[in-house]
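The values are calculated or read from the model by the stated rules, or taken from the named source; none is laboratory data. The structure displayed is predicted, hence computed values, not measured ones. All Cβ positions, even for glycine, are placed from backbone atoms using ideal geometry, and neighbour counts span all protein chains on display.
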Amino acid sequence: MAAHAPIRMLIVGTGGMARAHAQAYAEMEGVELVAGVDVNPARVAEFNAEYGIEHGFASVEEALVWGGFDAASNVTPDAIHHRTTMPLLAAGKHVLCEKPLAANHADAAEMAAAAQAAGVVNMVNLTYRNVPALNKAAELVGAGAIGEPRHFEASYLQSWLTQPKWGHWDKESQWLWRLSTEHGSMGVLGDVGVHILDFATHIAGSDAVDVSCRLRTFDKAEGGKIGEYTLDANDSCVMHMGLKNGAVGVIHASRFASGHINDLRLQLFGTKGGLDVRFEGETSVLKASLGDDMLDGRWVDVPTADVATNYQRFVNAIQSGTLAGPDFARGADLQKVLDLAVESDAARAAILAI
């Protein structure tokens, strides 16, 4: 069998998260990091030097004029995903885009339609699809192990606004931009809320049909501003949600969950049993209460198998000429729910203001 030609990878946006993408590709056979794109020339130069990348550009358009790449990882801020991805799709480039796919459903739907028309591999980097417990739980639900899903509780808990494990949020731009809508952030709803929304609905095997949401931005600095960053993005969100399959439940996410560094949880209950899915302390755990265990309220560990990362599946799909998920269509579906969540919170606030 003939060997695949190396996939020439472009990294768009060379901030903190770009290093996770670059490191993943650097460890793969058959992938060559060929260029970085960033509006900040010092930042792209530092990034390129760190990963031995030869070419640097100030825009996607400049990189396309050069043309020496096959695929791109888009690691720009949320609000910039649409305008930096669309030219790549128009040029027939494969794209792995960070989440959320776009700043609104209209843009996300346009990206999904463009990707389908281009016939390229398109994926959203919903990183918790890499969690073994999530994949096994979705398999069990799909096989009918818990019967008809009826109720769920899901949470994504972070605390980087109350402890400095990942850095000082009030001094470092990689955190401050996530607190500012002017700098492209959708707040905790778009940053990690999209993860727990995908986590819950993917396992439940059903999309949301109705959403009620409350968003909250807390005071974090005098005048609500640090340097150039206005701290107006939401810090916590709470959602009540109904799914197409009839299940109902709650989802919440926060950056103020003191005592939790980066923890995801889901409990899903059906007519024949329940599942408890956790990714806490970088450890994936799945417990189930099925059959006789359900009758006695016992929960037992369920073995899980390692799964390929999104980066690996992106590359494998390009090499095999197939498509892989979660794709842009999934990203657009999730964005519709995020839009509804924002609208719900705004409507509640409007009613209270009367």
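Here is a check on your reading of the model: is P100 of a type outside the set (G, A, S) and buried (at least 19 other Cβ atoms within 10 Å of the Cβ)? Taking the combined requirement at face value, the residue satisfies it. Taking region 121-225 and the helices (runs of 4 or more DSSP H) fully enclosed by it, the elements with 2 or more residues that are of a type in the set (A, V, I, L, M) are at 132-142, 194-204.
Report yes if G13 is modelled with pLDDT of 95 or more and on the phi > 0 side of the Ramachandran plot, otherwise no. Yes.
Exactly one condition in (1) of a type outside the set (S, T, N, Q); (2) over 21 Å from L197 (Cα atoms); (3) not assigned by TED's automatic domain parsing to the domain that holds H21 is false for A137; which is it? With respect to (1) of a type outside the set (S, T, N, Q); (2) over 21 Å from L197 (Cα atoms); (3) not assigned by TED's automatic domain parsing to the domain that holds H21, A137 is out only on (2). The residues on offer are A112, A106, and the sole one that is farther than 16 Å from A200 by Cα and in contact (Cβ under 8 Å) with a residue 60 or more places away in the chain is A112. Take G36 and decide whether it is more than 25 Å from N316 (Cα to Cα) and part of a strand (DSSP E or B). No: the conditions fail for G36.
For region 19-36, the criterion of a residue being among the acidic types (D, E), in contact (Cβ under 8 Å) with a residue 24 or more places away in the chain and either surrounded by 20 or more Cβ atoms within 10 Å (Cβ to Cβ) or under 23 Å from G325 (Cβ atoms) (or both) is satisfied by no position. Give the residues of region 19-36 that are under 21 Å from the mean Cα position of the chain (by Cα) and either more than 16 Å from N125 (Cβ to Cβ) or not charged (D, E, K, R) (or both), sorted by residue number. Answer for region 19-36, where residues must be under 21 Å from the mean Cα position of the chain (by Cα) and either more than 16 Å from N125 (Cβ to Cβ) or not charged (D, E, K, R) (or both): A20, H21, A22, Q23, A24, Y25.
Scanning region 255-290 for residues that are free of Cβ contacts under 8 Å to residues at least 24 places away in the same chain and crowded, with 19+ Cβ neighbours inside 10 Å turns up D276, S289.
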